[in-house]
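The values are calculated or read from the model by the stated rules, or taken from the named source; none is laboratory data. Computed from a prediction, not measured in an experiment: that's the story for all the values here. Note that we place each Cβ from the backbone using ideal geometry, even for glycine, and neighbour counts take in every protein chain shown.
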């Protein structure tokens with residue numbers, strides 16, 4: 001069961017941070033929408049409620065969209081076109097389809113509709129999670145048309161079952177992976193860049209089926225590196241991180257990991273990975289940086305991190321800056337917000353320290369989005385980090401949420417973002433300094449090509465310092 005904080009009354013806007021920020025929850029909104037496609041929402045809907053809900057969604061966007069030209073869409077004309085269909089809707093599903101069509105016409109990220117049942121604490125959609133969720137220790141990616149195992153947690157149920165990175169996933173419980181890929185490609189074919197990629201939809205849906213109550217099991221069918229079919233019944237463990245709730249959005253899970261990598265030449269590199277930008281993880285991130293303050297380099301692995309609270313970006317960046325720096329600017333209607341980062345000169349124990357001055361590498365991929373893109377693109381723009389991996393999602397618009405009269409939650413973008421050097425990331429993403437393709441062959445061979453590229457760069461940088 002999904003648990004969230006108490007939902008405000010309809011018509012009340014909700015800013016998800018004092019500084020309105022890109023949201024990790026946008027990925028969950030996509031999952032909620034995907035869930036809604038296959039779920040009955042056939043309760044009778046009064047025409048007056050349908051009209052009020054549509055009008056509310058249209059008006060909120062009309063009042064708050066950062067671009068008064070609405071990305072080239074004639075917003076009043078669109079209302080005139082779609083409102084009769086909304087009023088004629090007789091079920092929640094029919095109304096949601098009309099509102100989603102309206103949002104889709106904008107062709108921008110961070111415009112989504114979260115069904116009331118998913119926001120209010122009913123069964124979580126595929127890709128969203130509950131506070132008592134367990135997992136099996138697998139992380140998935142889409143490589144071509146294959147869903148592949150990207151990472152296996154050491155000591156997890158998946159690891160104990162002998163599952164290896166690079167294995168292809170053919171089915172999870174009753175979901176056929178090939179069918180999920182085909183459906184996702186069709187459903188996202190006309191959607192804008194950003195969160196609405198087929199990979200986001202596929203990974204969130206199948207990963208959602210891997211989650212469940214600790215102690216329960218799920219059946220997964222794989223194809224191993226030799227082309228053999230392998231079927232495993234995996235028992236879920238308690239999630240090794242923490243559940244995080246935010247306003248009226250589905251619960252999701254946060255985790256911070258830190259490890260040291262050494263090579264034969266004596267290079268010592270800290271690798272820090274966290275999967276979402278949320279305040280409950282801030283102290284663990286700070287402690288991880290403290291652990292590697294005397295390392296030869298630090299790698300921040302933000303692959304798969306869909307974003308979170310933008311207010312955290314400057315704080316984490318401050319660990320790596322010796323002078324104040326502007327990472328970028330958010331432009332909203334009639335307002336401007338500067339993403340300023342200041343040096344962090346006190347560690348997690350309250351002791352005076354110097355910010356880390358060594359080489360900083362950031363790993364990203366197509367599932368890195370929103371606040372992750374602000375961080376990676378912002379630090380690269382000022383020359384403080386080198387980015388490795390695949391181009392990010394390109395979904396960077398700051399957003400807010402609003403509860404509609406029918407109880408659904410409207411997520412809507414209220415700002416645009418450009419880096420300090422004027423680069424707009426929405427629809428384009430952060431293009432890595434060193435692109436590194438993800439291949440099944442590398443995964444099967446146990447090679448993390450992006451991580452290895454970052455390590456080589458840090459080694460070269462340190463060799464040049466000597």
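When residue 82 is tested against (1) buried (at least 17 other Cβ atoms within 10 Å of the Cβ); (2) within 17 Å of residue 400 (Cβ to Cβ), only condition (2) is not met. Just one of the numbered conditions (1) in contact (Cβ under 8 Å) with a residue 60 or more places away in the chain; (2) in a loop (DSSP other than H, G, I, E, B); (3) surrounded by fewer than 22 Cβ atoms within 10 Å (Cβ to Cβ) is not true of residue 416: (2). Determine whether residue 330 is assigned by TED's automatic domain parsing to the domain that holds residue 429, outside any loop (DSSP other than H, G, I, E, B) and surrounded by 23 or more Cβ atoms within 10 Å (Cβ to Cβ). Yes: the conditions hold for residue 330. Do the conditions hold for residue 190, that is, is it under 24 Å from residue 163 (Cβ atoms), out of contact with any strand residue (DSSP E or B) (no Cβ under 6 Å at 6 or more places or on another chain) and either surrounded by fewer than 16 Cβ atoms within 10 Å (Cβ to Cβ) or at pLDDT 95 or above (or both)? Answer is no for this residue. The set of residues from the range 282-311 being at pLDDT 95 or above and part of a helix (DSSP H, G or I) comprises 282, 283, 284, 285, 286, 287, 288, 289, 290, 291. Scan the range 67-77 for residues that are modelled with pLDDT of 95 or more and surrounded by 12 or more Cβ atoms within 10 Å (Cβ to Cβ) and the total you get is 4.
Please pick out the residue among 215, 225 that is assigned to a loop (DSSP other than H, G, I, E, B) and touching a helix residue (DSSP H, G or I) at 6+ places or on another chain (Cβ under 9 Å). Explain how you work it out, then say what you get.
Details: 215 fails: touching a helix residue (DSSP H, G or I) at 6+ places or on another chain (Cβ under 9 Å).
Only one candidate qualifies: 225.
Part of a strand (DSSP E or B), in the same structural domain as residue 87 (by TED's automatic domain parsing) and either surrounded by fewer than 23 Cβ atoms within 10 Å (Cβ to Cβ) or at pLDDT 95 or above (or both), is that true of residue 362? Yes.
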